[in-house]
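See structure below.
The values are calculated or read from the model by the stated rules, or taken from the named source; none is laboratory data. Quantities reported herein were computed from a predicted structural model and do not represent experimental measurements. Here the Cβ is made from the backbone with ideal geometry for all residues, glycine too, and neighbour counts use every protein chain on show.
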């Protein structure tokens with residue numbers, strides 16, 4: 001449990017630094033592109049494609065950060081009905097469901113990347129599948145976050161049982 005918490009925290013730190021760096025790169029790259037278009041009537045080749053992939057990375061990594069900090073979109077449909085149940089049990093049920101679903105989505109993302117790998121398409125020198133690899137990567141990170149929350153819910157249930 002301690003290792004999983006430590007691992008998730010380290011991943012969070014790397015994600016946070018990556019999102020900030022990629023966002024600054026996206027801003028600078030887009031600003032240079034706009035200046036080149038307006039002033040010099042030219043532009044950077046494939047700039048739109050690279051900007052599109054930078055937005056993909058920033059958005060997916062940002063979603064992982066939101067999941068880590070419990071600031072993601074939450075469906076409160078069941079919360080009214082589940083208030084009387086032990087909150088630890090609710091956490092375990094929701095986190096288990098999320099872990100399983102994210103496992104399936106992660107697998108679909110890996111299959112997608114494996115299907116993209118034979119394609120020789122590149123943006124600059126980077127293969128497109130490398131730029132799209134953020135899709136399964138973030139779902140795997142989210143899966144580990146929810147996996148940790150299963151154990152947090154179990155700990156909450158044990159603490160409520162001791163009272």
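Matching residues to (1) at pLDDT below 90; (2) surrounded by 15 or more Cβ atoms within 10 Å (Cβ to Cβ); (3) under 17 Å from residue 5 (Cα atoms):
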site: 91; (1), (2), (3): yes, yes, yes
site: 101; (1), (2), (3): no, no, no
site: 104; (1), (2), (3): no, no, no
site: 110; (1), (2), (3): no, yes, no
site: 117; (1), (2), (3): yes, no, no
site: 122; (1), (2), (3): yes, no, no
site: 140; (1), (2), (3): no, yes, yes
site: 143; (1), (2), (3): no, yes, yes
site: 159; (1), (2), (3): yes, no, no
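Being within 24 Å of residue 15 (Cβ to Cβ), without any contact (Cβ under 8 Å) to a residue 12 or more places away in the chain and over 17 Å from the mean Cα position of the chain (by Cα) is the filter; apply it to the range 124-138 and report the residue that is surrounded by the most Cβ atoms within 10 Å (Cβ to Cβ).
127
Identify, by number, the condition in (1) modelled with pLDDT under 85; (2) farther than 21 Å from residue 132 by Cα that residue 46 doesn't meet.
Among (1) modelled with pLDDT under 85; (2) farther than 21 Å from residue 132 by Cα, residue 46 violates only (2).
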